Amino acid sequence: MSILYCVPLVECVRCLACARRAWERCIYTAGHDSETWDLAIAEEFEPVPRLCRYISFVYADDLRQPILEPPHARYGINPDWLILKMTYEETTGRVPPYIMYIDHDHADIVLAFRGLNLAKESDYAVLLDNRLGKRKFDGGYVHNGMLKAAGWVLDAGCEVLRELVEKYPNYSLTFAGHSLGSGVAAMLCMLVVQHRERLGNIERKRVRCYAIAAARCMSLNLAVRYADVINSVVLQDDFLPRTVIPLKDIFNSLFRLRCLLCSRFMWGTCIAEENMLKDPRRLYPPGRLYHIVERKPFRMGRFPPVVRTAVPVDGRFEHIILSCNAISDHAIIWIEKEAQRAMDLMREKDTSMEVPAKQIMERQETRHSLEYKAALQRAIKLDVPHAFTPSQYGTFDEEGEESTRRLQAESSFGSTNRSTMVETWDELIERLFDKDEHGHIVPRETMIV
């Protein structure tokens, strides 16, 4: 008889637990993702609004009449410094359009990629060319379509980039992209770091990437290990860095049954984070994260934006935010505007405190190096698959980088497997692409289901 009384009680407790979980998800805001992170400083965040403007120029047919008119002359682009502008016709759909630009004012060689074009099937082909665990790279997993696009860019523009890098030895090499282009830029940065001999043995510290509205394109161990060169920028509630469901399933649900998509999102939020971290195939936003927070819970309007930064291992944008701004926060126009506002506020604060610029940069470098080391140690503590640190400096020790790569490959998958050893550039290209009789790369056919 007592058992009969216990059954309704258990059901009531279960219903209350589900209701509490649903309530927590409804009131969860973007500020919770980065509330424990440190504040960014103007010097480290300075390239973001400028690179957003460069990306916006890729959308323009005429660079002398861009879609975004610069509010100040210093935010514009000099068409005479443009080296290359690739369109869909010139890339034949293998990669989103991009520009190669030399910014002499900031001593920077920039490759900027546009985002997803909803009217282009080729962009969908790149985006949907992936499944969990399809592509291994450097001891982890990456997005297959974005890696192939990045390989095509580097193979096609290697000679031009090498000439520029050697001609301007004091210039940095920056890859930037928005949405789909952010994943391509991150993959390209990894390829350059892995094959620096292709660009005249360029120093690792000269290479950097800014993934704007970052796509989830690499496994957690890679996202942490490349945090010294790759930076991801997320505006408030942006949906893409939080989209843990395979994009192929999202597009299928959009065109078939929208309630199925909603149920998949809710199910994804219920997975325990320990299980997420132990899945080596799960993809994440790459590198160091910059989160621009401009809205507060239960308050109307936008507030002065605050930028927080970290190299997190757990809590890396795992939950979709139930917000009407989840899509608008993905727009490059809004990201550029709020990033510029945030940087102006940071500069005002630094000016009022009268802190020397040299001291600020030294503080930044010290803080970043400590965060890299802490992130690697945290990954090992949480048993993240293939997280490996051969020295006290982890994989961020430049002097031991080559040996680190070999040790990583051997420790991750076994030293006897030929495919796990560090690949040469020709081996990588041969694995990603077919070649015609003239030696030119031809992408393998990809079928979209």
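The values are calculated or read from the model by the stated rules, or taken from the named source; none is laboratory data. From a predicted model like this one, the values you see are computed outputs, not experimental measurements. Neighbour counts run over all protein chains shown; Cβ positions are idealised from the backbone, glycine included. Please note that ligands, DNA and RNA were not included when accessible areas were found on the heavy atoms of the full protein model with its side chains. Shrake-Rupley method; radii C 1.70, N 1.55, O 1.52, S 1.80 Å.
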> Got at least one residue in segment 133-145 being in a helix (DSSP H, G or I), at pLDDT below 95 and over 20 Å from residue 203 (Cβ atoms)?
Replying inline: yes
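Name the single residue, out of those in segment 89-106 being over 22 Å from the mean Cα position of the chain (by Cα) and open to solvent by 30 Å² or more (accessible area, probe 1.4 Å), that is farthest from residue 57 (Cα to Cα).
92
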>> Criterion first (at pLDDT below 90 and either assigned to a helix (DSSP H, G or I) or open to solvent by less than 40 Å² (accessible area, probe 1.4 Å) (or both)) does residue 347 satisfy it?
In response: yes
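In segment 39-55, how many residues are of a type in the set (D, E, K, R) and either within 17 Å of residue 348 (Cβ to Cβ) or over 19 Å from the mean Cα position of the chain (by Cα) (or both)?
Number satisfying all stated conditions: 3.
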> Taking into account only those residues within segment 59-88 that are modelled with pLDDT of 90 or more and in contact with a strand residue (DSSP E or B) (Cβ under 7 Å, 6 or more places away or on another chain), which is most open to solvent (accessible area, probe 1.4 Å)?
Replying inline: 83
> Do we have any residue at all in segment 121-129 that's part of a loop (DSSP other than H, G, I, E, B), buried (at least 21 other Cβ atoms within 10 Å of the Cβ) and touching a Cys at 6+ places or on another chain (Cβ under 8 Å)?
Replying inline: no
>> Show the residue pairs meeting these rules: Cβ distance below 9 Å; 6+ apart or different chains; first residue within segment 160-179 and free of Cβ contacts under 8 Å to residues at least 24 places away in the same chain; second residue open to solvent by less than 60 Å² (accessible area, probe 1.4 Å) and among the basic types (Lys, Arg).
In response: 169/206
> Taking residue 290, is it touching a strand residue (DSSP E or B) at 6+ places or on another chain (Cβ under 6 Å) and either modelled with pLDDT under 85 or of a type in the set (Phe, Trp, Tyr) (or both)?
Replying inline: yes
> So which of 310, 326 is open to solvent by 10 Å² or more (accessible area, probe 1.4 Å), among the small types (Gly, Ala, Ser) and under 15 Å from the mean Cα position of the chain (by Cα)?
Replying inline: 310
